[in-house]
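Readers should treat all values here as calculations from the given coordinates under stated rules, not as data from a laboratory. It should be emphasised that the depicted structure is a prediction, and the values quoted were computed from it without experimental measurement. Cβ placement follows ideal geometry from the backbone for every residue including glycine, while neighbour counts extend to all protein chains displayed.
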């Protein structure tokens, strides 16, 4: 999958990954009152940054945002990277 993140953008193009931070998956079976089976797989930013770098992308920054008490329950990670020209 990370090789595709390198292949798809044109040289000099950018990639931005955003995801929930954590080690444990979150399972929901009735979000918004509707029956579903929904799993969120949370990830560690250092691990994902390493995979992006191994795929040949250059990391630009790492941003961790703390949970917003009204809407979030976990940290959010934002990893901008670019494909070298």
Item to check | Options 39, 72: the member that is outside any loop (DSSP other than H, G, I, E, B) and exposed (fewer than 13 other Cβ atoms within 10 Å of the Cβ) | outcome: 39
Checklist entry - Across region 6-36, what is the number of residues that are without any contact (Cβ under 8 Å) to a residue 60 or more places away in the chain, in contact with a strand residue (DSSP E or B) (Cβ under 9 Å, 6 or more places away or on another chain) and not in a strand (DSSP E or B)? => result 7
Checklist outcome for this item: Selection from region 55-69 of residues in contact with a helix residue (DSSP H, G or I) (Cβ under 8 Å, 6 or more places away or on another chain) and assigned to a strand (DSSP E or B) yields 59, 64
Checklist entry - With (1) surrounded by 14 or more Cβ atoms within 10 Å (Cβ to Cβ); (2) at positive phi as the list, and residue 12 as the residue in question, which single condition is left unmet? => result (1)
Item to check | Number of positions in region 55-71 that are in contact (Cβ under 8 Å) with a residue 40 or more places away in the chain and closer than 13 Å to residue 20 by Cα | outcome: 1
Item to check | Test result for residue 85, part of a strand (DSSP E or B) and either more than 19 Å from residue 25 (Cα to Cα) or in contact with a helix residue (DSSP H, G or I) (Cβ under 6 Å, 6 or more places away or on another chain) (or both) | outcome: no
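Could we say that residue 52 is in a strand (DSSP E or B), surrounded by 14 or more Cβ atoms within 10 Å (Cβ to Cβ) and touching a residue at least 40 places away in the same chain (Cβ under 8 Å) here?
For residue 52, the condition - in a strand (DSSP E or B), surrounded by 14 or more Cβ atoms within 10 Å (Cβ to Cβ) and touching a residue at least 40 places away in the same chain (Cβ under 8 Å) - is not met.
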